[in-house]
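Contents: one structure, followed by commentary.
The values are calculated or read from the model by the stated rules, or taken from the named source; none is laboratory data. For clarity, every value in this text was computed on a predicted model and none was experimentally measured. Neighbour counts are summed over all protein chains in view; Cβ atoms, including those assigned to glycine, are modelled from backbone coordinates with ideal geometry.
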Amino acid sequence: MNLEPYGVEKHPSPQGIPLHQLLNKDTLLPIIKQYGNHLNTPSLAIAGSLFLKRYAVLVAASSLDYYGLQKKKMDWWSTARLDVTSYKLLIEENPTALFDDCWKNRIFAQHLTPMITIISEECKISLKILWENLAVRLLATLRKNQELYTLNELNEHFNELTSAETNWLGMEQNPFQTYLQRKETWSEVPVRKTCCRYYQVNTKADIPYCKNCPLRK
């Protein structure tokens with residue numbers, strides 16, 4: 001199991017905040033504010049958007065790779081803790097429990113969906129932006145694995161994530177049907193429908209926007 005490219009690292013005694021505690025707004029909001037300080041922005045809306053974009057890599061992208069593409073069963077998720085100094089996930093070195101539930105239900109319906117609701121309400125930022133932040137991380141995971149898996153396998157996961165069935169999301173409609181986009185080939189990156197507001201904290205004058213930002217000219 002190698003999830004380090006996603007910011008998930010093994011540790012003999014993981015320290016940090018258990019992920020279920022992040023669904024308490026009194027725990028989550030100070031972390032988002034701290035992340036805003038890290039980005040040098042006083043805006044809670046910007047901090048909330050970009051925190052979710054980072055957190056999506058740690059949780060959604062890593063889970064899609066490990067549980068979805070690799071079809072592995074080791075339950076590293078239950079031991080994961082958020083390190084609020086490095087914004088990485090720390091997990092036990094040798095987890096032994098197996099994960100037999102629907103991974104999408106646990107990751108989305110039980111965790112990310114309620115977290116997105118909290119961030120939208122408390123940080124005053126559009127749900128559309130937050131769901132697309134999540135969608136672009138999932139798409140990036142599929143794209144980076146296009147040489148390891150067949151086109152049919154990648155399409156299968158894309159179709160599952162964009163299906164009308166939403167029990168695993170914990171909501172009536174699937175926002176990924178709108179925001180999880182793909183072009184004719186996996187090599188092409190579609191332009192976002194919303195802006196994550198990264199440009200408002202980016203200090204690189206020559207690259208002010210994300211590569212797929214709708215504001216980019």
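Some points to look at:
- Positions within the range 85-112 being at pLDDT below 95, surrounded by fewer than 18 Cβ atoms within 10 Å (Cβ to Cβ) and either more than 17 Å from the chain's Cα centre (by Cα) or of a type in the set (A, V, I, L, M, F, W, C) (or both), in sequence order: THR85, GLU93, ASN94, PRO95, THR96, ALA97, LEU98, ASP100, ASP101, CYS102
- Candidates TRP131, TRP76, filtered to the one that is under 28 Å from ILE32 (Cα atoms), modelled with pLDDT under 95 and either surrounded by fewer than 14 Cβ atoms within 10 Å (Cβ to Cβ) or aromatic (Phe, Trp, Tyr) (or both): TRP76
- For THR162, the requirement of being under 24 Å from GLY16 (Cβ atoms) and of a type outside the set (A, V, I, L, M) is not met.
- The range 1-41 - residue that is touching a helix residue (DSSP H, G or I) at 6+ places or on another chain (Cβ under 8 Å) and in a loop (DSSP other than H, G, I, E, B) and, of those, nearest to MET74 (Cα to Cα): MET1
- In summary, helices (runs of 4 or more DSSP H) completely within the range 72-178 and bearing 1 or more residues that are over 28 Å from ARG197 (Cα atoms) occur at 151-161.
- Options GLU156, GLU184; residue that is more than 19 Å from LEU64 (Cα to Cα), free of Cβ contacts under 8 Å to residues at least 40 places away in the same chain and acidic (Asp, Glu): GLU184
- Qualifying residues in the range 87-119 (those that are touching a residue at least 40 places away in the same chain (Cβ under 8 Å) and among the hydroxyl-bearing types (Ser, Thr, Tyr)) - the one nearest to LEU3 (Cα to Cα): TYR87
- Single residue of the range 134-161 satisfying the filter (more than 14 Å from PRO190 (Cα to Cα) and of a type in the set (A, V, I, L, M, F, W, C)) that is surrounded by the most Cβ atoms within 10 Å (Cβ to Cβ): LEU134
- Among the residues of this structure, GLN15 counts as one that is closer than 25 Å to SER63 by Cα and modelled with pLDDT under 95.
- When the range 58-81 is filtered for residues that are under 26 Å from PRO175 (Cα atoms) and aliphatic (A, V, I, L, M), the ones remaining, listed by number, are LEU58, VAL59, ALA60, ALA61, LEU64, LEU69.
- Given (1) more than 19 Å from PHE176 (Cα to Cα); (2) modelled with pLDDT of 95 or more; (3) part of a helix (DSSP H, G or I), index of the condition VAL59 fails: (1)
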